[in-house]
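A short write-up of the structure that comes next.
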Amino acid sequence: MIGQAIDGMLESAEDVLRSLEQARPRPHILDDYTIGRVREAHGTQLNDLWWYTEQLARWRRARPTSAQAQELDRLTQQLAALRHVLTASLALADELQAGTIEKVLAKDDVELALEYLLGKRKP
């Protein structure tokens with residue numbers, strides 16, 4: 001059950017990171033709510049990884065069989081990958097936050113035109 005949870009969280013986090021990476025050139029397609037939800041969910045997951053790490057360590061101390069030890073090694077690698085993906089998605093969400101549709105709509109036309117002319121904003 002724990003293995004399925006870790007595998008599922010990693011798969012989901014990778015999907016979100018891919019979506020954020022696709023939005024990187026056009027952050028205005030995202031809204032503040034979406035970015036906030038990513039930051040909340042992935043921040044919570046990142047903060048809760050200690051629990052999974054501790055559980056795997058407990059099982060490792062219980063003298064697992066060879067097959068169990070192999071699965072513990074795999075899950076430990078999955079946790080490391082999950083930590084990396086969550087950290088990357090949080091950093092990217094922070095980067096994209098400055099360009100959400102709400103941020104663009106809050107600017108006046110002159111400011112947007114100037115950003116476009118200076119190459120800071122793509123059409």
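The values are calculated or read from the model by the stated rules, or taken from the named source; none is laboratory data. What you are looking at is a predicted structure, and each value in this text was computed from that prediction instead of being measured. We place every Cβ from the backbone using ideal geometry, glycine too, and count neighbours over all the protein chains shown. All accessible areas refer to the heavy atoms of the entire protein, side chains included, with ligands and DNA or RNA removed. Shrake-Rupley method; radii C 1.70, N 1.55, O 1.52, S 1.80 Å.
Sub-7 Å Cβ pairs linking a first residue in the stretch 5-29 that is among the small types (Gly, Ala, Ser) to a second residue that is open to solvent by less than 70 Å² (accessible area, probe 1.4 Å), at least 6 apart or interchain, are Ala13/His42; Ala13/Leu82; Ala13/Val85; Ala13/Leu86; Ala13/Ser89; Ala23/Leu30; Ala23/Leu96, ordered by first then second residue.
Being surrounded by 13 or more Cβ atoms within 10 Å (Cβ to Cβ) and in a loop (DSSP other than H, G, I, E, B), is that true of even one residue in the stretch 86-102? Among the residues of the stretch 86-102, at least one is surrounded by 13 or more Cβ atoms within 10 Å (Cβ to Cβ) and in a loop (DSSP other than H, G, I, E, B), which makes the answer yes. Looking at Arg63, Arg58, just one residue is at pLDDT 95 or above and charged (D, E, K, R), and that residue is Arg58.
The set of residues in the stretch 46-74 that are open to solvent by 50 Å² or more (accessible area, probe 1.4 Å), within 25 Å of the chain's Cα centre (by Cα) and of a type in the set (Phe, Trp, Tyr) comprises Trp50, Trp51. Within the stretch 105-115, the only residue that satisfies the criterion of being in contact with a helix residue (DSSP H, G or I) (Cβ under 9 Å, 6 or more places away or on another chain) and surrounded by 14 or more Cβ atoms within 10 Å (Cβ to Cβ) is Leu112. Only one entry in Leu49, Leu86, Leu79, Leu112 is over 19 Å from Gln4 (Cβ atoms) and either modelled with pLDDT of 95 or more or of a type outside the set (Ser, Thr, Tyr) (or both), namely Leu112.
One residue stands out among those in the stretch 89-104 that are out of contact with any helix residue (DSSP H, G or I) (no Cβ under 7 Å at 6 or more places or on another chain) and hydrophobic (A, V, I, L, M, F, W, C): the one that is modelled with the lowest pLDDT, which is Ala98. Any idea which residue in the stretch 35-45 is nearest to Thr76 (Cα to Cα), counting only those that are touching a residue at least 12 places away in the same chain (Cβ under 8 Å) and open to solvent by 40 Å² or more (accessible area, probe 1.4 Å)? Among those residues, the one meeting the criterion is Gln45. Cβ separations smaller than 9 Å between residues 6+ apart or across chains give the following pairs from the stretch 66-80 residues that are assigned to a helix (DSSP H, G or I) to residues that are among the β-branched types (Val, Ile, Thr): Leu75/Ile2; Leu75/Ile6; Thr76/Thr53; Gln78/Ile6; Leu79/Ile6; Leu79/Thr53.
Taken over the stretch 20-39, the residue count meeting the criterion of being more than 10 Å from the chain's Cα centre (by Cα) and assigned to a helix (DSSP H, G or I) is 12.
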